[in-house]
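Here's the structure we're looking at; comments come further down.
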Amino acid sequence: IGVEGEAAGLSAEGFLPKRGLGGAAFRPSTATIETQSVRVELRSGYGAAYVEDRVDLGRGFAVVPGVRAERVGLTGETLALPRAQAAWRVREGTELRAGWGLYAQAPQVQEIAPDTGNPVLTTNRAAHYALSLAQAISRTADAEVQAYDREYHNLVVRSTDPAVGYDNSGTGRAR
């Protein structure tokens, strides 16, 4: 069982390139970049709590179900992110593990700030899958080989609509 949190505020002033057609703000004929004055004030909070428990099933098998609850102040989202791991002790010092979980990450401040980004963005999301084999080498060291697949969706990317700036249409995968 665990809890974590943070409260933060950001206030900044400065200049950023104006968005032009296709996001271009550079004017080659004058070699200048059009800028706009920007003032950003954001108050954000983040809180999370999680619970997990290891359940030994006997004969070297165990499962670790869990869930993480997050409150993301920048987006106003409250998320439940389940996770699970299973392990099989093949023999003394050798363990085969499989895991799955849902994860989320808040957008960057410049992506969600009203003057520079899109204030209706939501969190980036991912589903993680992993399979590993761990081997104890000594009392203080072990080696692990892992295969994983991470499926990303709802990623914050530059929008094709310059008026929007950013949207959550990105996807990806890591293996």
Margin query: With every atom except the alpha carbons ignored, what do you get for Rg and Dmax of segment 58-175, in angstroms?
Written below: 19.2, 60
Note to self: Net charge within 11 Å of ARG175 by Cβ-Cβ distance, Lys/Arg positive one each and Asp/Glu negative one each, not counting ARG175 itself?
What the structure shows: 0
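Give me the 1.4 Å probe accessible area per residue for segment 100-175, excluding ligands and nucleic acids, in Å². Write out the running numbers ahead of the final one.
On the way: 4660 Å² over 76 residues.
Each residue of segment 100-175 exposes 61 Å² on average to a 1.4 Å probe.
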Notebook entry, point to check: Put a dot 7 Å past each Cα toward the Cβ at VAL51 and ARG89; how far apart are the dots in nm?
Noted result: 2.7 nm
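Taking the convex hull of the Cα atoms, report for segment 100-164 its projected area averaged over all directions, in nm². Could you put the intermediate results ahead of the total?
Values: hull surface 25.9 nm².
So the Cα hull casts an average projection of 6.5 nm².
Kindly state, to the nearest 0.05, the FRET efficiency for GLU77 paired with ARG175, given R0 = 30 Å and r defined as their beta-carbon distance. Mind dumping the intermediate values first?
Working: r = 28 Å, r/R0 = 0.92.
According to the calculation, E is roughly 0.60.
Pop out the carbon and sulfur fraction of the accessible area of segment 71-157 as a percent, whole number, probe 1.4 Å. Mind showing how you got there, number by number?
Values: 2770 of 5090 Å².
Carbon and sulfur atoms account for 54 percent of the accessible area of segment 71-157.
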Next item on the list: Compare the Cα positions of LEU155, LEU131, ALA104 along the charge dipole of segment 70-175 (+1 at Cβ of Lys, Arg; -1 at Cβ of Asp, Glu; about the Cα centre) and return the one farthest towards the positive end.
Entry: LEU131
Checklist line | Förster-model FRET efficiency, 22 Å R0, GLN146 and VAL63, C-beta, rounded to 0.05 | finding: 0.75
Next item on the list: Using only protein heavy atoms and a 1.4 Å probe, report how much of TRP88 is accessible, in Å² to the nearest 10.
Entry: 100 Å²
Margin query: Once the cut-off is 18 Å, how many percent of the Cα-Cα pairs in segment 49-102 end up in the long-distance tail?
Written below: 44 percent
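Within 14 Å, Cβ to Cβ, of THR123, how many net charges do the neighbouring residues add up to if Lys/Arg are +1 and Asp/Glu are -1? Write down the numbers at each step before the final one.
Working: positive: ARG68, ARG71, ARG125; negative: GLU70, GLU77, GLU111, ASP167.
Surrounding charge for THR123 is -1.
The values are calculated or read from the model by the stated rules, or taken from the named source; none is laboratory data. Computed from a predicted model, the values in this text were never measured in an experiment. Note: ideal-geometry Cβ built from the backbone for every residue, glycine included; neighbour counts use all protein chains shown. Note: accessible area is taken over every heavy atom of the protein model, side chains too, but ligands, DNA and RNA are not part of it. Shrake-Rupley method; radii C 1.70, N 1.55, O 1.52, S 1.80 Å.
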